[in-house]
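**Student:** What follows is a structure written as structure tokens; I'll ask about it next.
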Amino acid sequence: MTDDLTRLLVDDLRLPADRLTDDASPDQAGLDSLAVVELSFLLADRYGIDVAYSDIERAGTLGDLDHLITTKRSER
């Protein structure tokens, strides 16, 4: 998982760092529905990318989510 995503999850969303592994599901990491909405807004604000709530929810793991974010950032 990239440092950018880790910082967003820990610093902004206040998720416990010990739960943030590439193979953890968003649910296991502590991403509830409010955190998913906040993450979507943070990604739009900080990186100018549109990652929909449904895209985040469909990510099977944080590694998958990180890959999705990285791909969208490179497509800008």
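**Student:** Mind listing which trypsin sites (Lys or Arg not before Pro) in the range 1-59 are in a DSSP loop and have 12 or fewer other Cβ atoms within 10 Å? Write out the running numbers ahead of the final one.
**Tutor:** Details: sites: R7, R14, R19, R46, R58; in loops: R14.
Within the range 1-59, the qualifying trypsin sites (Lys or Arg not before Pro) (loop, at most 12 other Cβ atoms within 10 Å) are R14.
**Student:** For the chain, what is the calculated [θ] at 222 nm in deg cm²/dmol (nearest 500), taking -39500 (n - 2.57) for each run of four or more DSSP H residues and dividing by its residue count?
**Tutor:** Details: 5 runs with 44 residues, N = 76.
Computed mean residue ellipticity for the chain: -16000 deg cm²/dmol.
**Student:** If you don't mind, there's one more thing I want to ask. How long are the semi-axes of the equivalent ellipsoid of the chain, defined as square roots of 5 times the Cα gyration tensor eigenvalues? Whole Å, largest first. Don't skip to the answer; put the middle values down first.
**Tutor:** On the way: eigenvalues 57, 32, 29 Å².
They are 17, 13, 12 Å, listed from largest to smallest.
**Student:** Excluding L42 itself, what net charge comes from residues whose Cβ is under 11 Å from its Cβ, given Lys and Arg +1 and Asp and Glu -1? Don't jump to the answer; show the numbers that get you there.
**Tutor:** Details: positive: R7, R46; negative: D4, D11, D12, E38, D45.
For residues surrounding L42, the net value is -3.
**Student:** A further question on this structure: Please determine, in degrees from 0 to 90 and to the nearest 10, the orientation of helix 33-47 with respect to the longest principal axis defined by the Cα atoms of the chain, where the helix direction is its Cα long axis.
**Tutor:** Value to nearest ten degrees: 40.
**Student:** Next question, about the same structure. Considering only the other residues whose Cβ falls under 14 Å of the Cβ of D23, what net charge follows from Lys and Arg at +1 and Asp and Glu at -1? Provide the component values of the computation, followed by the final result.
**Tutor:** Values: positive: R19; negative: D18, D22, D27, D64, D66.
Neighbour charge sum, excluding D23 itself: -4.
Read the figures in this text as sums done on the coordinates, not as results from a lab. What you are looking at is a predicted structure, and each value in this text was computed from that prediction instead of being measured. Positions of Cβ are backbone-derived with ideal geometry, glycine not excepted, and every protein chain shown enters the neighbour counts.
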